[in-house]
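Trainee: Below: one structure in structure tokens.
The values are calculated or read from the model by the stated rules, or taken from the named source; none is laboratory data. Bear in mind that the values here come from a model prediction, so they are computed numbers and not experimental data. For neighbour counting, all protein chains shown are included, and Cβ atoms are generated from backbone atoms with ideal geometry for every residue, glycine included.
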Amino acid sequence: SLSERLSGVFDKLRGRGALNELEVRAAMREVRVALLEADVALPVVKDFVDRATERAVGADVLKSVTPGQQVVKIVNDCLVDTLGGENADIELNVAPPAVVMMVGLQGSGKTTTTAKLAKLLKDKRAKKVMMASLDVNRPAAQEQLKVLGEQVGVATLPIIAGQQPVDIAKRALQAAKLQGFDVLMLDTAGRLHVDQALMAEMKAVSEASQPAETLLVVDALTGQDAVNVAENFGREVPLTGVVLTRMDGDARGGAALSMRFITGKPIKFVGTGEKIDALEPFHPERAAGRILGMGDVVSLVERAAETLDVAEAEAMAAKLAKGKFDMTDMLAQFRQMKKMGGLGALAKMLPGMAKAQEAMASGKVNDKSIARLEAIILSMTPKERAKPDLLNARRKIRIANGSGVTVQEVNRLLKMHADMETAMKRLKKMGGLGALAGMFG
Ligand code: GDP
Ligand code: MG
């Protein structure tokens, strides 16, 4: 993955006491290949590598005591820049109702994201939201939004059969005005490919409803194609931002990196699952951290804080900050994961957890198997939990018998632990945890 490739490059750089320009340029070539392999668009890669190289071969960097670390920091900073710098929030500061128009190809996740965003605005921003579907192409598309509206407790515009998109938009605007809604979300129709008819329809709706936000919804899994879509829509409608969906899948990260550069518009949200609350504001620094293989610790801890009590989250943050991770910590992790709704979303945030994620996806790891993993850890003595190195063949057999599993399963758990421990150490080395300590203090 991009993350693995880059951390490979950086592991070589980081420990170096001295670096010369040739070495930096060689490392940047590796960065370039890693980005291209992750499906980042060529002009974006070129811009990125040029910028990073220019800064990295600067005299101050090469002469510094820790040139390797400086180069890593420069790449990180360039990633953050490429991803848009700071979190760009949705802008609704207009006379209500603020219209939010969602555009994108068919199947990109517009309807789902419309409902997710409506829920987020209602629950977290105390907005009174109405949704209307302008999708008259797909049978039952309007019905789909109505059902989602009922599910999340958001009003939808009553459906009138046979009405055309622009007329629906006007009627929705009128209704939202009269009924005092703060926000009107317009879910539009998509096509399988960008075509003129679709663009004409989007333009007409946009002119009739004067959106405060026009959000392009793109599927992160489509890689290079996402870039073409963004380019085309960007030319035709006045986009204000991008929502990347399916960031829970194994997207190679390329779409996120390309999007800002190609559209000139910020990524405002990312979709991280099929569930209706799987939508998160996009934070460039955190995403850069994720790409560099530091894991998205801040999001992780925030999620923990939302789900767990603060004391537990604090303890977890402290452990992570120390880079300490023994079997007892792993057991706590498993329990928290169960509580937070499965490994799925969390696993992606921690580097080294990719394996666990795969196992999860293939159905090899689930709540039941987590219970087995717990059983194995509980069969260890406190000493063994603190020092898994103690586990020789004899001890492994004892533990396997004690927990009713095979020795292979014990070995698999130990491997998983080793991977997670490595990830924690890397986190610590990257120094990305400074912020954590203060988070709850
Ligand atoms: P539309 O044609 O653009 O309106 O797309 P829909 O909203 O109907 O979504 C198409 C499919 O993608 C549905 O099955 C959604 O559940 C799924 N989907 C949407 N967003 C996400 C996401 O962020 N992650 C995942 N895994 N699935 C998503
Ligand atoms: Mg739809």
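Trainee: Can you say whether L105 is within 12 Å of ligand 2 (Cβ to nearest atom), among the hydrophobic types (A, V, I, L, M, F, W, C) and at pLDDT below 95, as far as the supplied structure shows?
Mentor: In short, yes.
Trainee: Looking at segment 26-64, which of its residues are part of a loop (DSSP other than H, G, I, E, B) and buried (at least 17 other Cβ atoms within 10 Å of the Cβ)? Reasoning before the result, please.
Mentor: Keep residues of segment 26-64 that are part of a loop (DSSP other than H, G, I, E, B), which gives 38-41, 57-58, 64.
The answer is A38, D39, V40, A41, V57.
Trainee: Which residue pairs have Cβ atoms closer than 9 Å, lie 6 or more positions apart in sequence or on different chains, and pair a first residue in segment 72-94 that is basic (K, R) with a second residue that is at pLDDT 90 or above?
Mentor: Listed by first residue and then by second, the contacts come to nothing, as the list is empty.
Trainee: In segment 116-135, what residues are surrounded by 24 or more Cβ atoms within 10 Å (Cβ to Cβ) and within 13 Å of ligand 2 (Cβ to nearest atom)?
Mentor: If the condition is that a residue be surrounded by 24 or more Cβ atoms within 10 Å (Cβ to Cβ) and within 13 Å of ligand 2 (Cβ to nearest atom), then K116, M131, A132, S133, L134 are the ones that fit.
Trainee: Could you please let me know if L121 is within 16 Å of ligand 1 (Cβ to nearest atom) and not β-branched (V, I, T)?
Mentor: When the stated conditions are applied, L121 does not pass them.
Trainee: Determine whether Q163 is of a type outside the set (S, T, Y) and either assigned to a loop (DSSP other than H, G, I, E, B) or in contact with a Leu (Cβ under 7 Å, 6 or more places away or on another chain) (or both). Can you show your working first?
Mentor: On the way: of a type outside the set (S, T, Y): yes; either assigned to a loop (DSSP other than H, G, I, E, B) or in contact with a Leu (Cβ under 7 Å, 6 or more places away or on another chain) (or both): yes.
When the stated conditions are applied, Q163 passes them.
Trainee: Sticking with this structure for a sec: Hey, among Q144, Q164, Q179, which residue is in the same structural domain as D219 (by TED's automatic domain parsing), without any contact (Cβ under 8 Å) to a residue 40 or more places away in the chain and more than 16 Å from ligand 2 (Cβ to nearest atom)?
Mentor: Q164
Trainee: A further question follows. Of the conditions (1) crowded, with 19+ Cβ neighbours inside 10 Å; (2) not assigned by TED's automatic domain parsing to the domain that holds G264, S108 fails just one. Which one is it?
Mentor: So S108 meets the others, but not (2).
Trainee: All but one of (1) within 16 Å of ligand 1 (Cβ to nearest atom); (2) small (G, A, S); (3) surrounded by 13 or more Cβ atoms within 10 Å (Cβ to Cβ) hold for A140; state the number of the condition that does not hold.
Mentor: A140 satisfies all of (1) within 16 Å of ligand 1 (Cβ to nearest atom); (2) small (G, A, S); (3) surrounded by 13 or more Cβ atoms within 10 Å (Cβ to Cβ) except (3).
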